[in-house]
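Engineer: Sharing a structure here in structure tokens format.
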Amino acid sequence: EDGDCKEGCSLDNDGQKVIVKDLSDTQKEIIAEKINAKTGLNLSVEDIEGKLALRAYLSNGRWALVKYMPDSASEKAIDVLGAKCDERNCSVELKEVSVEGKAKLVYEIKRDRDSRVLLLFKKKMPITAQVDAETGKVASIKRPWWSFLAKQN
């Protein structure tokens, strides 16, 4: 299927089946292995050099190639988040962010980790990792300001 993913579509990513389906008029879901990523971006499946590829339309008019699927992005974030997303509850979203004034396509992977603040108080620590969907590199990691006072379980 070439063109827009209006009613959902699937493609083969190096032997792995990737499904893109509509959740609503504005939300889509990319499913690879057991990992689902939600997105509000305009997605398209294109034939690039004889192979179907997923692309996302960015606000600057550029079509960004989604080279890394949600499962490989969450694998990259395992060290940061401390658990596999298919075993723990992680939220994965494909979104556009601005890095040094340039539009980038990233997976934002969020997870709450159990922690103890000052070794006394139990508190969920939200951790967010951004993985570049084009290069597969971890672009950023965000923890709450108080994370230096906490021990992660």
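Here, each number is a calculation from the coordinates, and none is a lab measurement. Computed from a predicted structure; not experimentally measured. In this analysis, Cβ positions are derived from the backbone assuming ideal geometry, glycine residues included, and neighbour counts consider all displayed protein chains.
Engineer: Suppose R0 equals 30 Å. What FRET efficiency, 1/(1 + (r/R0)^6) with r the Cβ-Cβ distance, do VAL99 and TRP146 give to the nearest 0.05?
Structural biologist: 0.70
Engineer: Could you give the size of the charge dipole of the stretch 9-124 about its Cα centre, using +1 on the Cβ of each K and R and -1 on the Cβ of each D and E, expressed in debye and rounded to the nearest 20? Mind dumping the intermediate values first?
Structural biologist: Numbers: 22 positive and 20 negative charges, 134 e Å.
The dipole magnitude comes to about 640 debye.
Engineer: With unit charges on the beta carbon (Lys/Arg positive, Asp/Glu negative), name the residue among GLN130, ILE109, LEU119 whose Cα is farthest towards the positive pole of the charge dipole of the stretch 72-135.
Structural biologist: Toward the positive end, the furthest listed residue is LEU119.
Engineer: Using 0.36 nm per residue, how much length does the chain from ILE78 to LEU65 gain when fully extended, once their Cα-Cα distance is taken away?
Structural biologist: Contour length minus the Cα-Cα distance gives 2.4 nm.
Engineer: Anything over 24 Å Cα to Cα? Flag those among LYS21/LYS102; LYS38/LYS137; LYS76/LYS124; LYS34/LYS122, in the order listed. Please report the intermediate quantities before stating the final value.
Structural biologist: Details: LYS21/LYS102 28 Å; LYS38/LYS137 19 Å; LYS76/LYS124 22 Å; LYS34/LYS122 30 Å.
With Cα atoms farther than 24 Å apart: LYS21/LYS102; LYS34/LYS122.
Engineer: Under a Cβ-Cβ cut-off of 13 Å, what is the net charge of the residues other than GLY40 that fall near it, where Lys and Arg count +1 and Asp and Glu count -1?
Structural biologist: Net charge in that neighbourhood comes out at -3.
Engineer: Now, a different point. Rounded to a whole number, what is D in µm²/s for the chain from Stokes-Einstein with the Kirkwood radius over alpha-carbon pairs (10 °C, 1.306 mPa s)?
Structural biologist: 97
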